[in-house]
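The values are calculated or read from the model by the stated rules, or taken from the named source; none is laboratory data. Note that the coordinates shown come from a computational prediction; the quantities given were computed from them, not determined experimentally. Note that we place each Cβ from the backbone using ideal geometry, even for glycine, and neighbour counts take in every protein chain shown.
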Amino acid sequence: MSEVISATPDPFRKLAGFTDPNRQKLAKLGLTRLEDLVLHLPHRYEDETQLYGITEAPHDRVVVVEGLIKKSEVQIRHRRQLIAEVADKTGRLVVRFLNFYPSQQKQWQVGKSVRLIGEIKHGFFGLEMVHPRAKFSGLDAPLGNQFTPVYPTTNGLSQDTLAKLVGIALKHVLLDDTLPASIVGAYKLPPLEKSIRFLHSPPVESDLYPLTAKTHPAWKRLKFDELLAQQLTLLSNRAKRREVPAPILTSTGQLTGQLLASLPFALTPAQSRVVDEICRDLSRNVPMQRLLQGDVGSGKTIVAALAALQAVENGMQAAFMAPTELLAEQHFRKLTEWLTPMGIRIGWVSGSQKKKERETNLAAISSGEVQIAVGTHALFQDKVSFANLALLLVDEQHRFGVGQRLQLRSKGSDENRAPHQLMMSATPIPRTLAMSYFADLDVSVIDELPPGRTPIVTTLLDNRKREHLIERVGAACRPAPAGQGAQAYWVCPLIEESEALQLQTAVATHETLQAMLPDLRIGLVHGKLPPSEKQAVMRSFKDHELDILVATTVIEVGVDVPNATLMVIDHAERMGLAQLHQLRGRVGRGSKASYCTLLYQAPLGEIAQARLDLMRRSTDGFEIAREDLHIRGPGELLGNRQSGVPLLRFADLERDTDLLEIARNLAPRLLAEQPEVAAAHLERWIGNRTGLLDA
Ligand code: ADP
Ligand code: MG
């Protein structure tokens, strides 16, 4: 028995320094094996190899100085602090500790020598160092001849301790090369062991720049190995997923044909093409993993509905999940409008729904009476069980965390059958991301908008002309003949620091508009409204019982009111480009010309100006998203913020495209020809962390 229990031996065994508290902190950093510690590499380096005179040391970086303690006392200046003075033959500096232990205080005795490692700044008392590292012993020993690594760490785990633990790991882990020599040779990669040891303690004669910028060949080796591990994981997950068959959903055309015939429009060629692609996937017993991309307003919902019908035609269920309550409600209403006349039952599951209503829905979902279930993330709670789920539709997929998507996938009632998955996104995924994180997805793109849409005209307007703008919006929204009977959205500024303030601003804006335009019907919708009220306001706007809708950014995704042709975005400079594009996409959904005014608070900085100019110039979601990715990085797109663990630690998808290409070509070959090599490589890099990449 004990054999079995110890089958997973304690990775840190009885190594000195690996105390329980330290291990907990290591675990927080995702370091649970010695192998992980070895691959925990510095994110920068400090030069402690040179001793400076106090007044001669540079001020823009960490330096080492040494001197005698001339003064040491605890003072109260706003708060209790330890203040000491240290002098060498060039001059003196003040050392300050705002937090300190009594034991620390005792070390600071006048007359003692001390070595200080930190940054020197000009302070109130002249030169000063705040919270330097201090050494009181071993001062005769020569300074090292290696740069000091600075590791990513967590509260309570000091650099010194972490460096020591990494050092121990380096002694115990066998760093044999997992890559075949042919590959290492072909791409001129330095050996792994040498690279790792070098990166943990580079000799002082190395050039610091390529080390910090991660362009040094040793970094190249590590990045390559990391990217290869990622590619191998994606590929083996794909293979694993294919081991579990999916239900075959043959297209009978019965229901889909009926729906298409009842629509007031015909599908665009692009929509027809992606419907065919999806249709083909669904009719195979391999689980579909498809990403449906299409700009805002390109008509993804009807494509999703047609896919769902194919499940229903086969007597099975589909689940349609959206990231916000408002959007999910809208899908629910749209599907109800389209499909209930055909006798199909749509279920609704949301977090804010009344208990009784929810239980009714859940029961009907698990009995199979409900054929299509629509909802928010409430859909993947434990209590929800499906009778025979065949298809998962996920709208705005990047807004869900990787973990959430995993959970929903396991909702198939039958362990031996996996549901098909269709993920939808208006945010295009740039090539490098598609090649890495989404490498195992098939992609369908709706690359045209439905006909008859006139492009939205976007203008920028200084907030000082606000009153004039309100008059103009009012004039357009008055019924004919005085006005044009238009409808307008007025989107309130995003106030990230305070939701309360954001609400207050929305209420105030609503009051101002109503006071200036007393003859118009003006509604207000914001995140704090109960869902039923939100829905009621949206419905009145949709039914043209309201002329102007003042809204917070809750309307950002997917709201569909074709008659609304005017959009004002207040304090547009505060919003991200992708968000502005989504918001703007709320108009221009019908055949009438639409206008978007971006109100900004002058003066605009250079970057803000450039961003708003791009919005004015372009209505191309792909161009805008590329720009946004550039500014904000891939995290937003991947939705991995919830997972907490960065998926790639060293490689940078924008800069390391060449390495990514090589890894991508190599991975399938390695899996096919040298599976044991692939397994060893994965074991080193991923260990037990596979789940995260398993999206
Ligand atoms: P998105 O891709 O942003 O989710 P929607 O599915 O909400 O777009 O579609 C936007 C609007 O266009 C909806 O009112 C929808 O009914 C309409 N629509 C979709 N396809 C077509 C089409 N082929 N012709 C005309 N209108 C369409
Ligand atoms: Mg949509």
Would you pick out the residues in the range 604-613 that are modelled with pLDDT under 90 and either in a loop (DSSP other than H, G, I, E, B) or crowded, with 17+ Cβ neighbours inside 10 Å (or both)?
Leu604, Gly605, Arg611
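Select from the range 552-574 the residues that are assigned to a loop (DSSP other than H, G, I, E, B), buried (at least 17 other Cβ atoms within 10 Å of the Cβ), within 16 Å of ligand 1 (Cβ to nearest atom) and more than 25 Å from the chain's Cα centre (by Cα) and list them in ascending order.
First pass over the range 552-574, keeping only residues assigned to a loop (DSSP other than H, G, I, E, B): 552, 556-563, 570-571.
If we keep only those that are buried (at least 17 other Cβ atoms within 10 Å of the Cβ) too, we end up with 552, 556-561, 570-571.
Okay, now just the ones that are also within 16 Å of ligand 1 (Cβ to nearest atom), so 556-561.
Passing the criteria: Asp560, Val561.
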For the range 244-315, please list each of the helices (runs of 4 or more DSSP H) lying entirely inside it that holds at least 2 residues being buried (at least 23 other Cβ atoms within 10 Å of the Cβ).
269-282, 300-313
Any residue that is in contact with a Leu (Cβ under 7 Å, 6 or more places away or on another chain) and modelled with pLDDT under 85 - is there at least one of those in the range 64-86?
yes
Selection over the range 74-90 where residues are surrounded by fewer than 16 Cβ atoms within 10 Å (Cβ to Cβ) and more than 21 Å from Gly111 (Cβ to Cβ) yields a count of 5
Please pick out the residue among Thr301, Thr233 that is more than 16 Å from ligand 2 (Cβ to nearest atom) and in contact with a helix residue (DSSP H, G or I) (Cβ under 7 Å, 6 or more places away or on another chain).
Thr233
Against the definition (within 16 Å of ligand 1 (Cβ to nearest atom) and buried (at least 18 other Cβ atoms within 10 Å of the Cβ)), how does Arg539 come out, yes or no?
no
Whether any residue in the range 575-585 is part of a loop (DSSP other than H, G, I, E, B) and modelled with pLDDT of 85 or more is what I want to check.
yes
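Rundown of residues vs (1) closer than 30 Å to Pro479 by Cβ; (2) out of contact with any Leu (no Cβ under 8 Å at 6 or more places or on another chain); (3) within 16 Å of ligand 2 (Cβ to nearest atom), yes/no style:
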{"position": "Ser532", "(1), (2), (3)": "yes, yes, no"}
{"position": "Met538", "(1), (2), (3)": "yes, no, yes"}
{"position": "Asp560", "(1), (2), (3)": "yes, yes, yes"}
{"position": "Arg589", "(1), (2), (3)": "yes, yes, yes"}
{"position": "Leu612", "(1), (2), (3)": "no, no, no"}
Of the conditions (1) within 16 Å of ligand 2 (Cβ to nearest atom); (2) among the polar types (S, T, N, Q); (3) without any contact (Cβ under 8 Å) to a residue 40 or more places away in the chain, Ser272 satisfies every one except a single condition; which number is it?
(1)
Inside the range 543-558, can you point out the residues that are on the phi < 0 side of the Ramachandran plot and at pLDDT 90 or above?
Asp543, Glu545, Leu546, Asp547, Ile548, Leu549, Val550, Ala551
Go through the residues of the range 616-630 one by one and say whether even a single one is β-branched (Val, Ile, Thr) and either more than 16 Å from Pro493 (Cβ to Cβ) or loosely packed, with under 15 Cβ neighbours inside 10 Å (or both).
yes
What are the pairs, 6+ residues apart or on separate chains, where a residue within the range 219-234 that is without any contact (Cβ under 8 Å) to a residue 24 or more places away in the chain has its Cβ under 6 Å from a residue that is among the aliphatic types (A, V, I, L, M)?
none
In the range 94-122, which residues are without any contact (Cβ under 8 Å) to a residue 24 or more places away in the chain and touching a Leu at 6+ places or on another chain (Cβ under 6 Å)?
Phe100
I'd like to check something: does the range 470-487 contain any residue that is in contact (Cβ under 8 Å) with a residue 24 or more places away in the chain, within 18 Å of Tyr600 (Cα to Cα) and out of contact with any strand residue (DSSP E or B) (no Cβ under 7 Å at 6 or more places or on another chain)?
yes
For the condition touching a strand residue (DSSP E or B) at 6+ places or on another chain (Cβ under 6 Å) and farther than 23 Å from Gly351 by Cβ, what is the one hit in Val491, Val561?
Val491
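This table checks each residue for (1) touching a Leu at 6+ places or on another chain (Cβ under 9 Å); (2) of a type outside the set (S, T, N, Q); (3) over 18 Å from Ile278 (Cα atoms); (4) within 13 Å of ligand 1 (Cβ to nearest atom).
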{"site": "Gly297", "(1), (2), (3), (4)": "yes, yes, yes, yes"}
{"site": "Val303", "(1), (2), (3), (4)": "yes, yes, no, yes"}
{"site": "Gln310", "(1), (2), (3), (4)": "yes, no, no, no"}
{"site": "Asn314", "(1), (2), (3), (4)": "yes, no, no, no"}
{"site": "Leu327", "(1), (2), (3), (4)": "no, yes, yes, yes"}
{"site": "Ala363", "(1), (2), (3), (4)": "no, yes, yes, no"}
{"site": "Ser366", "(1), (2), (3), (4)": "no, no, yes, no"}
{"site": "Thr376", "(1), (2), (3), (4)": "yes, no, yes, no"}
{"site": "Lys383", "(1), (2), (3), (4)": "yes, yes, yes, no"}
